[in-house]
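Encoded as structure tokens, the structure appears first; notes follow it.
The values are calculated or read from the model by the stated rules, or taken from the named source; none is laboratory data. Please read all numbers here as calculations on a predicted model, not as lab measurements. Note that we place each Cβ from the backbone using ideal geometry, even for glycine, and neighbour counts take in every protein chain shown.
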Amino acid sequence: MSRYLGALREAFLALPPQTPQDTIQERLEEIRAASGLEEALDCLHRWELAAGYITREKLEDVERLEFPDPDAGLTFRLQVNYARTRYSDAQEKERQAQATVPGFDPVPDGPQPCLLCRHNVGSPGKESLRVFELDLDGRGRRFFFQLTPFPLYPYHFVPVLSEHTPQLLSSRSLEDMFALLALAPGYAALSNSDVEWAGASILSHLHFQMLRGLRLPVLEARAVPGASRPIPGGRAELLDYPLASFRFSGTRAQALRAGAGALLEKWKGLDPGRNTVNLNMVRAPGADQGSAPGFQLVVLLRNPDYRTPERLRPFKSEGVGVVEASGEAILPVPRGPEAQEMWRVIREEGLGLVKSLIAGNSPPMPSALTRELLDCAAEAAGAAG
């Protein structure tokens, strides 16, 4: 680290929690200019820890389990998140208390405030929230990065489109994700969907998720024999995985983007407004060793008709998002008279639990549809070169 960069970091991390957003933005721009986006995000994460927006308790109060699956050649994962459970409990108590107030309307009239817009910076309950904004593509498409207050891992950022725009998954989403990884190659870029109960989170505002160094199990899945196509610089393949998923891997970003975009649009067009996707993208291992940059992009197919089975809803009643669809279940702390048995299942039968949770959210993938989607992707990738 240069002396200049060290001085910038030291000065930034010394800023007090009440520092205005404009000052945070200015200082982070200096750090990014000196050493890139990842350095700026590292500083923002450390500053938010010191300011108390995120806490060590939220990062560490998680029980993490791993379940090797020799047949699939994967290790599935599960986390029981105590911090998120406490937050959900507090929200439920607040709703119950409000319901006792005469005249309380649980569904107020008019538009509700967006949970992701810039107006949240410094707002009540988020006094120490600060963000870093940038031009993502050099053509005025601006995003700001903020930390989620209940992170799944350290360095869990949410890049949010600066303009208030509803969540939408399209070929443009892939352009954004490639641009994000170009700026922060050490991160994973992920996207929840744009359809409720089909892998969505906040539908009101376009956003992604980025987590430093995260490789989720789906990235390591084997291809289904005979269900792949060559594309310029790589391959497109159906994965042997509990949820219908296609992996695009290779070194030619333009071909990968075109092929995955064609498959995404084809799938969505088969059932408009219901078929959708989750996206999970990383730089390929070894891509920083002087060779051409490699990428792995997984398109996970979703439809709201396919949800968590009824028998598993005591473990997980909320929707299943991209992290869970990608192989890491996120469960609340078991409660109630069945809690002891639920803990036993989690610890002793966790592999089956995680795989069943994922599989229950998978639309069927008949062989004819697999061929149709792969052919569509290969044709588009070949045309793009």
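Structural remarks
- Among the residues of region 130-153, those that are basic (Lys, Arg) and either out of contact with any strand residue (DSSP E or B) (no Cβ under 8 Å at 6 or more places or on another chain) or within 30 Å of Val62 (Cβ to Cβ) (or both) comprise Arg130, Arg139.
- Boolean, Ala236 is over 25 Å from Ala329 (Cβ atoms) and touching a Phe, Trp or Tyr at 6+ places or on another chain (Cβ under 6 Å): yes
- The listed residue being under 26 Å from the mean Cα position of the chain (by Cα), over 25 Å from Asp89 (Cβ atoms), outside any loop (DSSP other than H, G, I, E, B) and touching a residue at least 12 places away in the same chain (Cβ under 8 Å), out of Met281, Met365: Met281
- Just one residue in the set Arg257, Arg247 is part of a helix (DSSP H, G or I), among the basic types (Lys, Arg) and either surrounded by 20 or more Cβ atoms within 10 Å (Cβ to Cβ) or more than 23 Å from the chain's Cα centre (by Cα) (or both); that residue is Arg257.
- Test: residue in region 5-26 that is hydroxyl-bearing (Ser, Thr, Tyr) and touching a helix residue (DSSP H, G or I) at 6+ places or on another chain (Cβ under 8 Å): no
Yes or no, residue by residue, for (1) of a type in the set (Ser, Thr, Tyr); (2) out of contact with any Leu (no Cβ under 7 Å at 6 or more places or on another chain); (3) not in a helix (DSSP H, G or I):
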site	(1), (2), (3)
Pro293	no, yes, yes
Arg307	no, yes, yes
Gln340	no, yes, no
Arg344	no, yes, no
Val354	no, no, no
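- Selection status of Glu163, charged (D, E, K, R) and not in a loop (DSSP other than H, G, I, E, B): no
- Residue check for Leu203: surrounded by fewer than 22 Cβ atoms within 10 Å (Cβ to Cβ) and among the aliphatic types (A, V, I, L, M): yes
- Among the residues listed as Pro230, Pro242, the single one being more than 19 Å from Leu181 (Cβ to Cβ) and assigned to a loop (DSSP other than H, G, I, E, B): Pro242
- When residues of region 1-16 are limited to those that are farther than 23 Å from Ser128 by Cα and outside any helix (DSSP H, G or I), the one modelled with the lowest pLDDT: Met1
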